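The values are calculated or read from the model by the stated rules, or taken from the named source; none is laboratory data. Here the structure is a predicted model, which means the values were calculated and not measured. Backbone-built Cβ (ideal geometry, glycine too); neighbour counts: all protein chains shown.
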Amino acid sequence: MKLKCELKGVKCPRYKHYGFFYPDDQTIKRLLPDANRCAECIAFTSPQRPDIQEDLQQTAVLVLIEKGPRFSPTHASGANFGTFIRPRICGTLMNTKSKELTRNSRESSNFEVEWNPSETIDTKIHRAISSLWSTQVLHTEFEDELVRDLSFRDALPELLKTLTPREREVFSCLRDNQRNCEIAEALNLTESRVSQLVTQVTQKVKDTGQRLGLSE
């Protein structure tokens with residue numbers, strides 16, 4: 001899965017800032033238009049929810065306040081503040097919208113998906129949301145540790161050294177936004193084995209990120 005700020009053709013705000021980040025009123029006010037643009041972008045991504053745009057704006061500001069001070073202009077990756085903060089804001093806003101869609105789905109009894117008696121209500125809700133929103137989070141932990149942090153791409157060679165050949169194949173599939181069932185078919189594995197490999201890859205991504213100071 002790609003965040004909106006990683007898609008080609010999407011012109012994201014720059015979040016221009018130099019040096020260490022201190023979330024004082026003047027700094028936040030200067031970056032507020034950028035935060036508002038991100039909120040509008042996610043609010044009007046299909047399915048459009050303009051009613052939550054104001055909430056998304058507030059969430060974007062909170063990310064600036066909470067995550068911004070963690071930016072280091074002297075980090076070895078050389079990432080600028082915009083590269084650091086955009087995926088964090090984008091990922092948080094997408095998750096916020098996803099949770100809102102989930103809440104609304106739980107409150108509604110009108111699902112436009114076929115009911116399978118063997119499915120739990122949570123499974124059915126997930127399928128309903130998936131049918132509505134093509135940018136849903138398929139592998140939350142994987143996104144949290146890798147996709148949100150664009151600077152992690154600089155650590156990719158180091159990460160690949162820690163993966164087995166089979167784990168590299170799964171890693172490649174994850175980056176192509178494939179579901180576990182699709183990975184199982186592509187690699188001729190059982191879904192339970194794929195699930196195990198995804199867990200292993202996720203943990204190694206997390207460990208590598210922490211070791212290199214790229215994940216939180």
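Give just the number: which of (1) over 17 Å from the mean Cα position of the chain (by Cα); (2) within 14 Å of Leu93 (Cβ to Cβ); (3) assigned to a helix (DSSP H, G or I) does Lys29 not satisfy?
Result: Lys29 passes all but (2).
Check Ser72, Ser105, Ser77 and return the single one that is in a loop (DSSP other than H, G, I, E, B), modelled with pLDDT under 85 and over 17 Å from the mean Cα position of the chain (by Cα). It would help to see each step written out before you state the result.
Working: Ser72 fails: modelled with pLDDT under 85; Ser105 fails: in a loop (DSSP other than H, G, I, E, B).
Going through Ser72, Ser105, Ser77 in turn, just one is in a loop (DSSP other than H, G, I, E, B), modelled with pLDDT under 85 and over 17 Å from the mean Cα position of the chain (by Cα): Ser77.
What about Asn188, is it touching a His at 6+ places or on another chain (Cβ under 9 Å) and either at pLDDT 50 or above or under 26 Å from Ser98 (Cα atoms) (or both)?
no
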